[in-house]
Amino acid sequence: MTVSPQGTIETTMDAIETTASSLELAVAQAAESLGVAPDQVEATILEETKGLFGKAQVRIRATIKEAPAPKARRTTKKAAEPKAAPQEEPETTPEAVVTVEESGATLDERPDVVASDADADVLRSCLEELLSNSGLEIEIESVNLGGRYVNFELGGKDTGYVIGRRGETLNALQYLLNVISARKLSNGVRVTVDGAHYRSKRAEVLTKLATDIAEEVRKRGEEAVLDALPAFERRVIHQALSEIEGVVTYSEGEEPERRVVIAPAT
């Protein structure tokens, strides 16, 4: 627990409790500790008291807001021949959560590519240098290998900054590391980067959303078009619905407006 002139901050693994003289100040303190902007903080008032001479105290429980789930746009047209999306076939990581975004670099697609400890050391050194130069309090909490992938998990006070809005900063960092991997290693090894388990939490939200929409698609016999999503989130939905009978999925549009379509199976 740390104490400041403005109030008290109590930290747990999942949330922060702060006490201050006003709600705005409590939110600001929580945001600073979580490493995010105040508008990214979800605050619940736990206690609010007023003392003598108008002196007040507000105690809140604060967490980082979840990224909003994409909305579905329903259409009345029946699905004809669903288009194939060969570049978005589901891929798996050791945790069975898809977290890979194409880097845009020319990568070796041989199925026998396997990341080694030496590959991980090279990429870890590059990531540590990037994080050091950022000036943020972030550290690499874990590194694991799975097939062609080197998977990094980040943590620390400023993790919220490296995740960014809807994971945009995290995706950009992963993109950069994949470009570095393609140029430094040139062996087809790829990188995934996660922070505070953001991707796995996001995958749970997307899986639930996709399953609910798929059930509506089956009932109505109408296809649904989701909002534009980044590549790894589209793959999560393709994978989540791949075993569900009565629906098929495919993607349409060009980046960054590429969308997943959930359609009735013909």
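The values are calculated or read from the model by the stated rules, or taken from the named source; none is laboratory data. Just so we're clear, the structure is a prediction, and the values are computed from it rather than from any experiment. Ideal geometry is used to build each Cβ from the backbone, glycine not excepted, and the neighbour counts take in all protein chains shown.
Just to be sure I understand, how many residues within segment 224-255 are hydrophobic (A, V, I, L, M, F, W, C) and free of Cβ contacts under 8 Å to residues at least 12 places away in the same chain?
Taking segment 224-255 first, the residues hydrophobic (A, V, I, L, M, F, W, C) are 224-226, 228-229, 231-232, 236-237, 240-241, 244, 247-248.
Still in the list and also free of Cβ contacts under 8 Å to residues at least 12 places away in the same chain: none.
Final tally of qualifying residues: 0.
What pairs come up if the first residue lies in segment 204-223 and is farther than 14 Å from Ser242 by Cα, the second is among the polar types (S, T, N, Q), and their beta carbons are under 7 Å apart, counting only those six or more places apart or on different chains?
Filtered contacts from segment 204-223: Glu222/Thr75; Glu222/Thr76; Glu223/Thr75.
Assess whether Val143 counts as being in contact (Cβ under 8 Å) with a residue 12 or more places away in the chain, of a type outside the set (D, E, K, R) and either out of contact with any Phe, Trp or Tyr (no Cβ under 8 Å at 6 or more places or on another chain) or crowded, with 19+ Cβ neighbours inside 10 Å (or both).
Answer is no for this residue.
Could you tell me which of the residues Leu176, Leu170, Leu185, Leu136 is within 17 Å of the chain's Cα centre (by Cα), touching a residue at least 40 places away in the same chain (Cβ under 8 Å) and surrounded by 15 or more Cβ atoms within 10 Å (Cβ to Cβ)?
Residue meeting the stated conditions: Leu176.
Listed residues Val150, Val113, Val162, Val122; which is at pLDDT 95 or above and either closer than 22 Å to Pro38 by Cα or not in a helix (DSSP H, G or I) (or both)? Walk me through it before giving the result.
Working: Val113 fails: at pLDDT 95 or above; Val162 fails: at pLDDT 95 or above; Val122 fails: either closer than 22 Å to Pro38 by Cα or not in a helix (DSSP H, G or I) (or both).
Of the residues listed, the single one that is at pLDDT 95 or above and either closer than 22 Å to Pro38 by Cα or not in a helix (DSSP H, G or I) (or both) is Val150.
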